[in-house]
Amino acid sequence: LILIGLAVLHLPSIRSRVLDRVRVYAREELDIGLSASSLHYSLFTRSVELRDLSVTSASAAEPFLQADRAVIEFGREILLGRPVIDRLSLNRPRLTLVRQHDGTMNLPSSQAGHGQRSPLRLGIVSVNAFSMRLDDRMAQRVFTLGPFDLTVDTSGAANRPGAFGPGEFAVRSGQLET
């Protein structure tokens, strides 16, 4: 009976409903628009995969992040309701930052006034063929960077949000590796 229940949770129609719930949660709780062509997950490996991912601020028309594929692997703590990420992998992520003529950006607004949340630990973050585009329409300047590969091990990070290390850090662009 348990195996049948697990099999039903992996059906495409159920996955589609889960993706719809994730979109609603992102819009209502995080104030971002999230779209993806598909969501795949495995309760056995505690992993989630999104294809053709696009993340947009609720106050902007242009997405600030797009990726061909995003894979999140959770630690065993997810079974107890604590989402600890062991590994985050992004394939062909494209970060686009746009500053409009009025000074506004296409990024989500700060969540500072929405209560205190504990920081999300990301574990090992790997991005393949990462590119970035900065479009400053106010100054009429555009800057692009990439593609390059980046791997950061944030699992040994201090207890400060946004901190990582000491740990592995690698950047590769073509044949050059740091």
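The values are calculated or read from the model by the stated rules, or taken from the named source; none is laboratory data. Quantities reported herein were computed from a predicted structural model and do not represent experimental measurements. Quick reminder, even Gly has a Cβ in these numbers, built from the backbone with ideal geometry, and neighbours come from all protein chains shown. Each accessible area value is taken on the protein alone, full model and side chains, heavy atoms only, with ligands, DNA and RNA left out. Shrake-Rupley method; radii C 1.70, N 1.55, O 1.52, S 1.80 Å.
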With no solvent term and unit scatterers on the alpha-carbon positions of region 43-112, Debye gives log₁₀ I(q)/I(0) at q = 0.19, 0.20, 0.21, 0.25 Å⁻¹ of -0.86, -0.89, -0.92, -1.03
For L122, the net charge from surrounding residues (Cβ-Cβ under 13 Å; K, R +1; D, E -1) works out to -1
Quick tally, 1.4 Å probe accessible area for S35, S57, sorted with the most first, runs S35, S57
Across all Cα atoms of region 1-129, Rg and the largest Cα-Cα distance (Dmax), in Å, are 16.2, 59
Share of accessible surface on carbon and sulfur in region 24-152, whole %, 1.4 Å probe and ligands ignored, is 56
